[in-house]
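First comes the structure, then the notes that go with it.
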Amino acid sequence: MPTIKVFNMAGQVTGEVELSEAVFGVTPNTQAIHESVKNHLANVRQGTQSALTRAEVSGGGGKPYRQKGTGRARQGSTRAVQWTHGGVAFAPKPRDYSYTINKKLKRLALKSALSQKAIDNAIVVVDNIDMDSIKTQDFAKFLSAVGVTGKALVVTPEVRETIVKSARNLPGIQTTIATILNVYDVMNAKTFVVDKAALQTIEEVYA
């Protein structure tokens, strides 16, 4: 596997690290990535959509006009689906869209996503992503110093409040921890920015 540079938060090179072949060196499986992203998006759907059928809409109990002799199309109710204020055909109701996928498939998808980032040279390893205080401006300077432009996923070994709060007001920047990575977040980011300790955790957990 390729050896990539390790930066500090000032953007200076402090060393090198070799990426794990087992996690960052697999042949990307686009079908697995697709299935995992589809699963993630289904699982985060609220599913609260709701509309009324013709049986549930108020009114419309009487026939609007006689069956024959008017020259108009026959109608039995003013709440049929073709009428204004009528019900909805096949009206959607609240439902749970979530479903599970095979663990093996999910793991393959994540390895494929991480390997694709390695192929694209879109991985930035940082010695220690941490800050003494919550300051969005300083965090933006850090991202600029390590060459991040556009969307980025910043991964730390554990939740670091100063990082989470400093990053949350920056558009396109998302933070997460190494043990709960998901394929959607990895693929949605242009750059994968990872703390060196978090990288080690990723390689241990997902290898």
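Read-outs: derived from the displayed coordinates by stated rules, not from any lab. Everything numeric in this text was worked out from a predicted model, so none of it was measured. Glycine gets a Cβ as well: all are built from the backbone with ideal geometry, and neighbour counts include every protein chain shown.
Key figures
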quantity	calculated
Max mean-square fluctuation residue, GNM over the chain, Cα-Cα springs under 10 Å, options ILE173, ILE101, ILE33	ILE101
Modelled label reach - TYR97, point 7 Å along Cα→Cβ, the range 129-151 residues with backbone N closer than 18 Å	none
Selection from THR53, SER36, ALA80 lying farthest towards where the dipole of the chain points positive, charges on Cβ	ALA80
Cα centroid separation - the range 124-188 against the range 9-40, whole Å	16 Å
For the chain, built as a Gaussian network whose Cα springs stay under 10 Å, the top-fluctuating residue of ASN169, ASN39, ASN128	ASN169
Gain upon complete extension [LEU41, THR162; 0.36 nm per residue less C-alpha separation]	40.7 nm
Principal axis box of the chain, alpha-carbon based, largest edge first, Å	90, 38, 26
Per DSSP, loop trypsin sites (Lys or Arg not before Pro) in the range 18-79 with at most 11 further Cβ within 10 Å	ARG66, LYS68, ARG72, ARG74
Within the chain, longest stretch clear of exposed chymotrypsin sites (Phe, Trp or Tyr not before Pro) (DSSP loop, no more than 12 other Cβ within 10 Å)	100-207
Cβ-based exposure ranking for THR14, THR30, THR175, in which fewest neighbours within 10 Å come first	THR30, THR14, THR175
Greater than 25 Å apart at Cα, pairs in LYS117/LYS196; LYS93/LYS151; LYS106/LYS190	LYS93/LYS151
The chain - mean residue ellipticity at 222 nm from DSSP helices (-39,500 (n - 2.57) per run, n ≥ 4, rounded to 500)	-9500 deg cm²/dmol
